[in-house]
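Peer 1: One structure is given below, represented as structure tokens, and several questions about it will come after.
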């Protein structure tokens, strides 16, 4: 049974906790601001669905200008297509016969792309696409500094691009050049300099591929922490921002002097929690612990309440420092999660709130889709 924490029309104070709330006004402002920025900058937005894992939100973003969405796993892509999204890039490598066969089958239902950084993987994708009678779009991933997936920029990328282009059932679509480790660099100047290095590597690779006779239709990357740099580079033409729709406490910690546009986006995602114990002076215990939100990027912030600090979490409990003993048993708090993406993956529903009333419930259809 997938029980809902709320019903449309009820007061936010009636929502069962812990619950994942979306401030719809803030969410819609965030979506519109990024859409307007991309339109004015002449770049495409392929919004990253790993943030929300919701086909409903993906379709909302597409209706407001996104060309499609990207996600990280085949099962996420399946959930998106099942939910009515027809343009999906798996912005990751897909390895293993069963996963590749599922990806090829999905390409019979929607426009599907995938990333590669290995010649053998290209051959496997080509065989699966041929067996399924489909074409799969392929981006060659280059490591522009994150030290994760991707071949070295330059000639290694050219070799793979040519191999993709020579494959009977694959279409070379361009480059994936995402610098993920730069997104949360605290200082504006350090983050800008890091991305400038990535841009230079990407530009050189695009030029080398062009010299080999191929065109990069898509040069993709960028995230919420760096999107302005890639958009203004004259190289990137497709942004893959995700967290901007919700934001989180860790994004709020970057660029204390120069926000680089991140102050355009407000917190829209909250974990609503209830004080379940006030047995000791100076301490409150709430019902939102590790199973309700992710603390990998730091503890959540208590929204709108000075003097209160969320200090620790166990499976089902959260500790809140309450030096003035201002909290009462049963009182509700809204927490700004430390890291929005994995927090969403812990819940089944997003509860949309406007003017203190539940307006919509979105199932998190791709929750747990990691395969």
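The values are calculated or read from the model by the stated rules, or taken from the named source; none is laboratory data. Values in this document were obtained by computation on a predicted structure and should not be read as measured data. Note: ideal-geometry Cβ built from the backbone for every residue, glycine included; neighbour counts use all protein chains shown.
Peer 1: Only one residue in 368, 312, 318, 338 is surrounded by fewer than 22 Cβ atoms within 10 Å (Cβ to Cβ) and assigned by TED's automatic domain parsing to the domain that holds residue 278, so which one is that? Let's see the steps before the verdict.
Peer 2: Values: 368 fails: assigned by TED's automatic domain parsing to the domain that holds residue 278; 318 fails: surrounded by fewer than 22 Cβ atoms within 10 Å (Cβ to Cβ); 338 fails: surrounded by fewer than 22 Cβ atoms within 10 Å (Cβ to Cβ).
Of the residues listed, the single one that is surrounded by fewer than 22 Cβ atoms within 10 Å (Cβ to Cβ) and assigned by TED's automatic domain parsing to the domain that holds residue 278 is 312.
Peer 1: On to the next question. Of everything in segment 156-178 that's in a loop (DSSP other than H, G, I, E, B) and without any contact (Cβ under 8 Å) to a residue 60 or more places away in the chain, which residue is surrounded by the fewest Cβ atoms within 10 Å (Cβ to Cβ)?
Peer 2: 168
Peer 1: Answer with yes or no whether residue 129 is at pLDDT below 95 and assigned by TED's automatic domain parsing to the domain that holds residue 206.
Peer 2: Numbers: at pLDDT below 95: no; assigned by TED's automatic domain parsing to the domain that holds residue 206: yes.
No; evaluated as a whole, the condition is false for this residue.
Peer 1: Suppose we keep only residues that are in a helix (DSSP H, G or I) and out of contact with any strand residue (DSSP E or B) (no Cβ under 7 Å at 6 or more places or on another chain) within segment 73-94. Which one would you say is nearest to residue 341 (Cα to Cα)?
Peer 2: 76
Peer 1: Exactly one condition in (1) crowded, with 22+ Cβ neighbours inside 10 Å; (2) in a loop (DSSP other than H, G, I, E, B); (3) within 19 Å of the chain's Cα centre (by Cα) is false for residue 153; which is it?
Peer 2: (3)
Peer 1: Yes or no: residue 284 surrounded by 21 or more Cβ atoms within 10 Å (Cβ to Cβ), under 22 Å from residue 368 (Cα atoms) and out of contact with any helix residue (DSSP H, G or I) (no Cβ under 7 Å at 6 or more places or on another chain)? Break it down into steps so the answer makes sense when it comes.
Peer 2: Working: surrounded by 21 or more Cβ atoms within 10 Å (Cβ to Cβ): yes; under 22 Å from residue 368 (Cα atoms): no; out of contact with any helix residue (DSSP H, G or I) (no Cβ under 7 Å at 6 or more places or on another chain): yes.
Against the criterion (surrounded by 21 or more Cβ atoms within 10 Å (Cβ to Cβ), under 22 Å from residue 368 (Cα atoms) and out of contact with any helix residue (DSSP H, G or I) (no Cβ under 7 Å at 6 or more places or on another chain)), residue 284 does not qualify.
Peer 1: Something else now. Can you name the residue in segment 57-97 that is within 14 Å of the chain's Cα centre (by Cα) and free of Cβ contacts under 8 Å to residues at least 24 places away in the same chain and, of all such residues, is nearest to residue 30 (Cα to Cα)?
Peer 2: The qualifying residue nearest to residue 30 (Cα to Cα) is 69.
Peer 1: Moving on to the next point. Looking at segment 179-205 only, could you name the residues that are in contact with a helix residue (DSSP H, G or I) (Cβ under 6 Å, 6 or more places away or on another chain) and part of a loop (DSSP other than H, G, I, E, B)?
Peer 2: Answer for segment 179-205, where residues must be in contact with a helix residue (DSSP H, G or I) (Cβ under 6 Å, 6 or more places away or on another chain) and part of a loop (DSSP other than H, G, I, E, B): 179, 185.
Peer 1: For segment 290-313, how many residues are over 22 Å from residue 367 (Cβ atoms) and out of contact with any helix residue (DSSP H, G or I) (no Cβ under 9 Å at 6 or more places or on another chain)?
Peer 2: Within segment 290-313, the subset over 22 Å from residue 367 (Cβ atoms) is 298-299, 301-312.
After this cut, where a residue has to be out of contact with any helix residue (DSSP H, G or I) (no Cβ under 9 Å at 6 or more places or on another chain) as well, the list is 299, 302-312.
Within segment 290-313, residues that are over 22 Å from residue 367 (Cβ atoms) and out of contact with any helix residue (DSSP H, G or I) (no Cβ under 9 Å at 6 or more places or on another chain) number 12.
Peer 1: Only residues that are in a strand (DSSP E or B) and either out of contact with any strand residue (DSSP E or B) (no Cβ under 7 Å at 6 or more places or on another chain) or touching a residue at least 40 places away in the same chain (Cβ under 8 Å) (or both): list them for segment 104-136, please. Even if it seems obvious, please write down each step before you answer.
Peer 2: Residues of segment 104-136 in a strand (DSSP E or B): 111-116, 136.
Passing the criteria: 111, 113, 115, 116.
For (1) surrounded by 16 or more Cβ atoms within 10 Å (Cβ to Cβ); (2) more than 22 Å from residue 370 (Cβ to Cβ), each residue gets a yes or a no:
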| position | (1), (2) |
| --- | --- |
| 16 | no, yes |
| 47 | yes, no |
| 55 | yes, no |
| 82 | no, no |
| 88 | yes, no |
| 100 | yes, no |
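Peer 1: If you check 228, 208, which single one turns out to be touching a residue at least 12 places away in the same chain (Cβ under 8 Å), part of a helix (DSSP H, G or I) and over 22 Å from residue 44 (Cβ atoms)? Give the steps one after another, and end with the answer.
Peer 2: Details: 228 fails: over 22 Å from residue 44 (Cβ atoms).
Going through 228, 208 in turn, just one is touching a residue at least 12 places away in the same chain (Cβ under 8 Å), part of a helix (DSSP H, G or I) and over 22 Å from residue 44 (Cβ atoms): 208.
Peer 1: When the residues of segment 15-49 are narrowed to those that are touching a strand residue (DSSP E or B) at 6+ places or on another chain (Cβ under 8 Å) and part of a helix (DSSP H, G or I), which ends up nearest to residue 234 (Cα to Cα)? Spell out the reasoning first.
Peer 2: Taking segment 15-49 and keeping what is touching a strand residue (DSSP E or B) at 6+ places or on another chain (Cβ under 8 Å), we get 15, 17-25, 27, 34-35, 38, 43-49.
Those left that are additionally part of a helix (DSSP H, G or I): 24-25, 27, 34-35, 38.
Details: 24: 34, 25: 33, 27: 29, 34: 18, 35: 18, 38: 13 Å.
Looking at residues that are touching a strand residue (DSSP E or B) at 6+ places or on another chain (Cβ under 8 Å) and part of a helix (DSSP H, G or I), I get 38.
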